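See below for the structure under consideration.
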Amino acid sequence: MRKRSQATPMPESGPGMHGSGPTRVTVAVRLARAAARLATPGLMALPAVAFITLVLSGCSGSLSGTPPSRADTGSVKVAVALPQLPSIRQALAPEVEVSLVNGSTVLKQTSPVVNGRAEASFPRVTVGEWTVTVALKDEAGDAVYMGTGRVAVFKDQQATANIILKPGRGKLDLYIDVSGIPDWEAIAKARLYKDSTNLRSQVDIPREPGTTVIHSLIQDIVPKTYDMMLKFYPVEGDVLYESLWMPVEIRPGKTTVVNWNFPSGSVSITTALDATPPTPTGLTAQPSQDGVVLSWQAVETSEGDLAGYVVYRKELPAGRYEIVGTTGLETTFLDREAEIGVSYQYGITALDLGGNESLRSNEVVAGE
């Protein structure tokens, strides 16, 4: 693990000079450790440390009649040091942008990176609470790492703040060509599901009448690899068409352009008939000491996939049919639950391995 560099201390004005010495504010900036693999190799894998030193040379006491603007301002120097790793330095070249914000006041400096270092100077910064923003930019000028912190600057006091630079949010520039979708003229909008792990991440994008391309620029996306999907809707009604999930890489600080279209292809469909089993026949019912014994003739299916039989029973005179049991390939069944003195009506069906059930057999009555 690399040791964090230390900001070079600014020289004090000397002992006994409490009223005229510079006020020093140090802001330490470091790159966040990130697990994502989408950033430039070497850029997100290791923590990098940069130090920003803000030096305010205001005085603690002012002479009578001195304008407050002069007494409460000073100069700010921002120094950024990148790690001694060529891959990181090369990826972040060529510049660093630093801004100080207080209310509507914005101070901004862009400095080139030379040998892994950059400096920005802000003369006459008013004492107060400032928001410090640091952006590390690549060759294309995109802020691939950014960090923001707040610093309260008081005269004759030293303040320190840490700013963690995290991967910049990305953008998705999406073009959807719907001309390959059947009945595309009925499409009123596209619904983009940005993240397969969060189906609430939906964005509705309207289609302009008479156009075949739907366009949207989606901003502020956390960089990583997403699986995205589209659904298309008419003005009213259900989904007209639904796409497959597609991987989309969003990189730090970058705009990913996606041209989503729907070319045609060929489909080969093979069908197979899974017929319903024949209806069992020859059902008989004989009372016995153990219950009612049912028997019937075996059935044969055209696919040879007979699974067994289902036995139905209802109580007379006004009962309803219920399943009282199933068998394998046996053609007999003993109803042990039949009560003496109660009349029952029975029927059976054949069941195959596909779950298809035949019509019910002839019905028989047992019991008195």
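Of the residues making up the stretch 319-329, those that are touching a Gly at 6+ places or on another chain (Cβ under 8 Å) and either basic (Lys, Arg) or not in a strand (DSSP E or B) (or both) number 3. Within the set VAL342, VAL324, the sole residue that is over 30 Å from ILE181 (Cα atoms), at pLDDT 95 or above and not assigned by TED's automatic domain parsing to the domain that holds ILE218 turns out to be VAL324. For LEU294, the criteria (1) modelled with pLDDT under 95; (2) in a strand (DSSP E or B) hold in every case but one, which is (1). All conditions in (1) within 16 Å of the chain's Cα centre (by Cα); (2) loosely packed, with under 14 Cβ neighbours inside 10 Å; (3) assigned to a loop (DSSP other than H, G, I, E, B) hold for THR225, with the sole exception of (3). Restricting the stretch 173-187 to residues that are out of contact with any Phe, Trp or Tyr (no Cβ under 6 Å at 6 or more places or on another chain) and of a type in the set (A, V, I, L, M) leaves a set whose member that is farthest from VAL248 (Cα to Cα) is ALA186.
So that you can scan it fast, the table gives a plain yes or no per residue for (1) in a strand (DSSP E or B); (2) surrounded by fewer than 18 Cβ atoms within 10 Å (Cβ to Cβ); (3) at pLDDT 95 or above:
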residue	(1), (2), (3)
THR276	no, yes, no
THR279	no, yes, yes
GLU300	no, yes, no
ARG313	yes, no, yes
PRO317	no, yes, no
ILE348	yes, no, yes
GLY355	no, yes, no
ASN362	no, yes, yes
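Given the structure, is VAL144 buried (at least 19 other Cβ atoms within 10 Å of the Cβ), at pLDDT 75 or above and either in a strand (DSSP E or B) or not assigned by TED's automatic domain parsing to the domain that holds ARG251 (or both)? Answer is yes for this residue.
Scan LEU107, LEU100 and give me the residue that is more than 22 Å from PRO167 (Cβ to Cβ), modelled with pLDDT of 85 or more and either of a type in the set (Phe, Trp, Tyr) or crowded, with 20+ Cβ neighbours inside 10 Å (or both). Lay out the reasoning, then the answer.
Details: LEU107 fails: either of a type in the set (Phe, Trp, Tyr) or crowded, with 20+ Cβ neighbours inside 10 Å (or both).
Every option except LEU100 fails the conditions.
With the structure loaded, tell me whether LEU174 is within 30 Å of PRO94 (Cα to Cα) and either of a type outside the set (Phe, Trp, Tyr) or out of contact with any Asp or Glu (no Cβ under 7 Å at 6 or more places or on another chain) (or both) or whether it fails that test.
Values: within 30 Å of PRO94 (Cα to Cα): yes; either of a type outside the set (Phe, Trp, Tyr) or out of contact with any Asp or Glu (no Cβ under 7 Å at 6 or more places or on another chain) (or both): yes.
Judged against the criteria, LEU174 is a match.
The condition of being modelled with pLDDT of 95 or more and surrounded by 16 or more Cβ atoms within 10 Å (Cβ to Cβ) holds for only one of LYS254, LYS231, that being LYS231. Residue count for the stretch 228-248, restricted to those that are touching a Phe, Trp or Tyr at 6+ places or on another chain (Cβ under 8 Å) and not in a loop (DSSP other than H, G, I, E, B): 10. Every listed requirement among (1) over 22 Å from the mean Cα position of the chain (by Cα); (2) modelled with pLDDT of 95 or more; (3) not small (Gly, Ala, Ser) is met by PRO182 save one, (2).
The values are calculated or read from the model by the stated rules, or taken from the named source; none is laboratory data. Just so it is clear, the model here is predicted, and its values are computed rather than measured. Positions of Cβ are backbone-derived with ideal geometry, glycine not excepted, and every protein chain shown enters the neighbour counts.
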